[in-house]
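So the structure is just underneath, and the comments pick up after that.
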Amino acid sequence: MQITLREIQSSDSALLAETERVCFSASWSKSAIDSVCARADFCGVLAFIGEQAVGYLLGTSLFETAEVLRIAVLPAFRGNHYGGAILDSFLGLAQRKGAERVFLEVREDNAPAIKLYQSRGFLAGRTRKNYYEDGATAVEMYKDL
Ligand SMILES: CC(C)(COP(=O)(O)OP(=O)(O)OC[C@H]1O[C@@H](n2cnc3c(N)ncnc32)[C@H](O)[C@@H]1OP(=O)(O)O)[C@@H](O)C(=O)NCCC(=O)NCCS
């Protein structure tokens, strides 16, 4: 089905919080999402299939540097290249804002996310042990635009 993508607005935070709860066990609260969306460097993408919000990306972009903070697709909609479309949209937005390099951190055990980032040309950098609350290791990844 055809995906539509648009930039996130501050009025989307309730919808984003609802989607977070379904996608993450350690989900961000609406107030945490409000804080991210209020940042001057905020840059985010929301994806719809018809009227249904199916995924989003929360990120930042300031001068030459952008960062992916969060990306998720509802479980029932995964594996349809929606995550790739959302990430591509963010990379385009960040590039238009002047970003030259995009950074992110991902759990070392999150194979679907790592596969997604690799498919878009992200390279692995340093690893950080005990980065997450449960002790999991983070892999830093980056992509030059
Ligand atoms: C990571 C996530 C956003 C991917 O969304 P998606 O819509 O399923 O991804 P896509 O269908 O666009 O797949 C993109 C690439 O990743 C690969 N991929 C996706 N899911 C995969 C899986 N479960 N196992 C292996 N590879 C996978 C695809 O093969 C595809 O590569 P290709 O284009 O070379 O075929 C989704 O799995 C998700 O929401 N996970 C939970 C939240 C999360 O962990 N977010 C990342 C940390 S913030």
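Each reported figure results from applying straightforward, stated rules to the coordinates on display, with no laboratory input. Here the structure is a predicted model, which is why all the values come from computation and not from measurement. All Cβ positions, glycine included, derive from the backbone under ideal geometry; neighbour counts span all protein chains shown.
Structure notes:
- Note on Met141, Met1: ascending count of other Cβ atoms within 10 Å places them as Met1, Met141, the fewest first.
- In sequence order, calculated HN-Hα J values of the stretch 58-73 (Karplus, 6.51, -1.76, 1.60; Hz; x Gly/Pro): 9, x, 9, 8, 9, 6, 8, 10, 10, 9, 8, 8, 7, 9, 7, 10
- The spacing between the stretch 88-132 and the stretch 1-35, judged by their C-alpha centroids, is 19 Å.
- Counting only DSSP beta bridges whose two residues both lie in the chain, roughly 90 percent are antiparallel.
- Across the chain, C-alpha contacts under 8 Å between residues 6 or more apart give a mean separation that, scaled by the residue count, equals a relative contact order of 18 percent.
- As a ratio to 2.2 N^0.38 Å, the alpha-carbon radius of gyration computed for the chain takes the value 0.99.
- Projecting the Cα atoms of Ala72, Met1, Val22 onto the dipole axis of the chain, where Lys and Arg carry +1 and Asp and Glu carry -1 at the beta carbon, places Met1 farthest toward the positive end.
- Exposure proxy for Glu67, Glu133, Glu108: other Cβ atoms within 10 Å of each Cβ, ordered fewest to most, give Glu133, Glu108, Glu67.
- Cα centre as origin, Lys/Arg/Asp/Glu Cβ charges: the stretch 3-144 dipole, Debye: 220 debye
- Report summary: the helix-based calculation at 222 nm, which adds -39500 (n - 2.57) for every DSSP H run with n ≥ 4 and divides by the residues of the chain, gives -9000 deg cm²/dmol.
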